[in-house]
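**Q** Structure below; questions to follow.
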Amino acid sequence: ARFIDAGQARDWGLINDASLVVKGVMLILLAASVLSWFLIVRRSAILRRSERDMDSFARRLRAPGELNALYRESREAGHADAGAEQVFSAAYNEYAQLRQQPGVDAEGVMQGIERALYVAISEQEIRLEKGLQFLATVGSVSPYIGLFGTVWGIMNSFIGLSQVQQATLSTVAPGIAEALIATAIGLFAAIPAVIAYNRFSSRGQTLLTRYYSLGNEVQMRLYRSLHAGSRNMAAVA
């Protein structure tokens, strides 16, 4: 335990003795790392809820029943991460409104549904990509920020070395060690951000593909419902 305490004290001493520029670099990288982890945890929870919502809604959509009942359920139980319900509600709401307008044929109704689906899925795409730009920035920039702190610290070490009579490893090693800590912190901030960015991008693209498939399925159901209603009206006439 004494060796561990001594090592921790030595590491803290290296950070505490660093120049103001190197300390500033370390603080920036630590702040970026904290924000990245907050975003990673938050986006992971959002994606998990969105995936569960997609699975649940797909089962309800394919179950026997009327679409207007599913629409009412979606409106009542809607929440921020219910992307599947929002896509379906946008399409069905457009379908219901266009059917009530006189002079709108079946093709016009389907075109309106297609536009509503495009807008709703585009909104889900924006929601899925939210925060990814920050993770990409942290992952790409943090190593360079850490490298800047390292170069600055090593430069100061060599400047100090030039002012002493006898240069030894013990005189230059602490300055180089404190400078290398900046690079280590930069990598600590960058690596999780890059992994999370790649993972979230892949899961987001998979969800987006499922939203398009859901939109096609909703469009087919509404198309059949529209033409079934037209045939019924023709039979009554």
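The values are calculated or read from the model by the stated rules, or taken from the named source; none is laboratory data. Given the structure is predicted, the values throughout are model-derived calculations rather than measurements. Cβ atoms come from the backbone with ideal geometry, glycine included; neighbour counts cover every protein chain shown. What goes into the accessible areas is simple: the full protein's heavy atoms, side chains included, and nothing from ligands, DNA or RNA. Shrake-Rupley method; radii C 1.70, N 1.55, O 1.52, S 1.80 Å.
**Q** Once Rh is set to the Kirkwood radius over Cα pairs, what Stokes-Einstein translational diffusion coefficient, in µm²/s, holds for segment 24-80 at a temperature of 25 °C and a viscosity of 0.890 mPa s?
**A** After rounding, the answer is 172 µm²/s.
**Q** Quick check: residue separation of L35 and T206 times 0.36 nm, minus the Cα distance between them. What number comes out in nm?
**A** 59.0 nm
**Q** Whenever you get a sec, line up R48, R203, R62 from highest to lowest accessible area (probe 1.4 Å, protein heavy atoms). Walk me through the intermediate numbers first.
**A** Values: R48 110, R203 35, R62 160 Å².
The most accessible residue leads, giving R62, R48, R203.
**Q** Grab the beta carbon distance between Q97 and S140, set R0 = 35 Å, and tell me the FRET efficiency rounded to 0.05. Walk me through the numbers on the way to the answer.
**A** Working: r = 46 Å, r/R0 = 1.30.
Once rounded, the FRET efficiency stands at 0.15.
**Q** Assuming a ≥ b ≥ c are the square roots of the Cα gyration tensor eigenvalues, decide whether segment 67-123 counts as rounded (a/c under 1.5), prolate (otherwise, with a/b larger than b/c) or oblate.
**A** In terms of gyration-tensor shape, oblate.
**Q** Nearest 0.05, what FRET efficiency do I159 and K130 give at R0 = 45 Å with Cβ-Cβ as r? The partial results should precede the final answer.
**A** On the way: r = 45 Å, r/R0 = 1.00.
The value I calculate is 0.50.
**Q** Also: If I stretch the segment between E66 and R52 completely, what's the gain in nm (0.36 nm per residue apart, minus their alpha carbon distance), one decimal?
**A** Full extension from E66 to R52 adds 2.8 nm.
**Q** Which peptide among 97-109, 130-142 comes first, and what is the full order, when sorted by highest mean count of other Cβ atoms within 10 Å?
**A** Ranked by mean Cβ neighbours within 10 Å, highest first: 130-142, 97-109.
**Q** Can you sort T150, T206 by 1.4 Å-probe accessible area, starting with the largest? Write down the numbers at each step before the final one.
**A** Details: T150 10, T206 80 Å².
So the residues, ranked largest to smallest area, are T206, T150.
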